[in-house]
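The values are calculated or read from the model by the stated rules, or taken from the named source; none is laboratory data. As the structure is a prediction and not an experimental result, all values here were calculated from the model. Backbone-built Cβ (ideal geometry, glycine too); neighbour counts: all protein chains shown.
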Amino acid sequence: MISSSRKQLEFDRQLDLIQIREFRKTGDLQILGSLYEKYMHLVYGVCMHYLNNRENARDAVIQIFEKLAIECVKQEIGHFRSWLYVVSKNHCLFELRKQKVEDQHARKWKEDEWASMENEDELHPLDKEERFQDLDDCLRQLKQEQRDSITLFYYRRMCYREIARTLKTDEKKVKSHIQNGKRNLKICLDSKNDREA
């Protein structure tokens, strides 16, 4: 005789699969959202375990939901809860690898920083900080769509498709926002340089 808790687990599994089929048929994100909400606390727990940072874990929970909208259509899912655990874990491991690469870039920049102090032709590190401040100021002056697209493309290293999905727009607009944003940033930075000269 099957225990009642086992019956409940099997019932939940079948219900999850019905919701996934319904989402695939309709593309209705509310159906997927309702399914995801059931397990969101578990996803958050996995993200906290791997990322060890509340803010990063909260961001990951949102990013994983965005990923589900694509993966649920592409992959065959037999047990949603187990599958979601693997997707969440893989997402966190990818984020950790990405962070490791960013840390290596930061270390390399720090080494270059000391090298530039030895070379009078190079910018002094304090000048570099001013340049970063100028860039930050100019970034804030961009239109919202340009700022968001540039931030996601250069800082979060997202591709056009991911940005379009995140900002709920199409890829051509993302490309246009990035090009126009880069041009506006250059104009802004050049004008700051001219004022300092």
Just for the stretch 33-48: of the residues that are surrounded by fewer than 17 Cβ atoms within 10 Å (Cβ to Cβ) and without any contact (Cβ under 8 Å) to a residue 40 or more places away in the chain, which one is nearest to I163 (Cα to Cα)?
G33
Residue in the stretch 148-165 that is of a type in the set (G, A, S), in contact with a His (Cβ under 9 Å, 6 or more places away or on another chain), surrounded by 11 or more Cβ atoms within 10 Å (Cβ to Cβ) and modelled with pLDDT of 85 or more present
yes
From the list Q30, Q14, pick out the single residue that is within 20 Å of R165 (Cβ to Cβ) and either among the polar types (S, T, N, Q) or surrounded by fewer than 17 Cβ atoms within 10 Å (Cβ to Cβ) (or both).
Q30
Inside the stretch 168-187, can you point out the residues that are touching a helix residue (DSSP H, G or I) at 6+ places or on another chain (Cβ under 6 Å) and either surrounded by 17 or more Cβ atoms within 10 Å (Cβ to Cβ) or in the same structural domain as K67 (by TED's automatic domain parsing) (or both)?
V174, H177, I178, G181, L185
